[in-house]
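The values are calculated or read from the model by the stated rules, or taken from the named source; none is laboratory data. Quantities reported herein were computed from a predicted structural model and do not represent experimental measurements. Reconstructed Cβ throughout: ideal geometry from the backbone, glycine too, with neighbour counts over all protein chains shown. The accessibility values were calculated without ligands, DNA or RNA, using every heavy atom of the protein model including side chains. Shrake-Rupley method; radii C 1.70, N 1.55, O 1.52, S 1.80 Å.
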Amino acid sequence: MLSVGLTGGIGAGKSEVSRLLVECGAVVIDADRIAREVVAPGTAGLAAVVEAFGEGILGPDGGLDRPALGSLVFADPDKLAVLNAIVHPLVGARSRELESAAPEDAVVVHDVPLLTENGLAPRYDLVIVVDASPATQLDRLVRLRGMTEQDARARMAAQATREQRLEIADIVIDNDVPLERLRQRVQEVWADLSDLSGRARRSRGRSPGIAPGTPADGPQE
């Protein structure tokens, strides 16, 4: 199994890259989706969030009002840290369960928005960063997600900088490009990942008396 971390700033288009990797054959474990599951109505996660922030972050149906919670925590680093301390351990535990259930020969891509911020890069065999300019991120958040410019800038500021993400990247996918070019780039990256995964499996299958060939050190960017 090859374990890959996938990250990128909000609005960089990481979800589209994740979707394209699934098309290629990757097993994607989506931290955002899991984060929703662990605070669904009736869960211990939601109870802990309500205890920390009050019932004002609940919607009429008793579920989490994400815009209300977001406006509360993304402008306050201390409150964001409290939320992360509740949710991240739950997401990590569920992610490990899903990875353990993946086929032995799978390329497992962990889609983790805050991979850089939480120092998670060493957990993976390599890290892919989806990169876009801050101007592109801001445009997508306002135009496509309907955020106000103030909210969009606050969310961007709460994350790692572009430079910090690029520092941990083994592979960079530029998403300041048209969709078809992005698709081509993802297919190129998938070919590298598949090759690396295959070399790693062959290396593990050698008998102890046979000298290994080219080390599976991964694609270089």
Would you be so kind as to identify which of Ile86, Val39, Ser71 lies farthest towards the positive end of the dipole of region 1-130, taking Lys and Arg as +1 and Asp and Glu as -1 on Cβ and the Cα centre as origin? Ser71
Using the scaling law 2.2 N^0.38 Å as the reference, what is the normalised Cα Rg of the chain? 1.11
At a 1.4 Å probe, what is the % contribution of carbon and sulfur to the accessible area of the chain? 52 percent
With the 1.4 Å probe rolled over protein heavy atoms, the chain has an accessible area per residue in Å² of 53 Å²
Taking region 44-128 and dividing mean pair separation by its residue count, relative contact order in percent (alpha carbons under 8 Å, at least six apart): 19 percent
Proximal charge balance of Ser15 [Cβ under 12 Å; K/R count +1, D/E count -1]: +1
If one takes the longest principal axis of the Cα atoms in the chain, at what angle in degrees, from 0 to 90 and to the nearest 10, does the Cα axis of helix 179-205 lie? 50 degrees
Taking the mean number of other Cβ atoms within 10 Å as a proxy for protection, how do you rank 49-57, 148-156 from highest to lowest? 148-156, 49-57
Just how far, in whole angstrom, is region 1-22 from region 91-157 if you go by their alpha carbon centroids? 7 Å
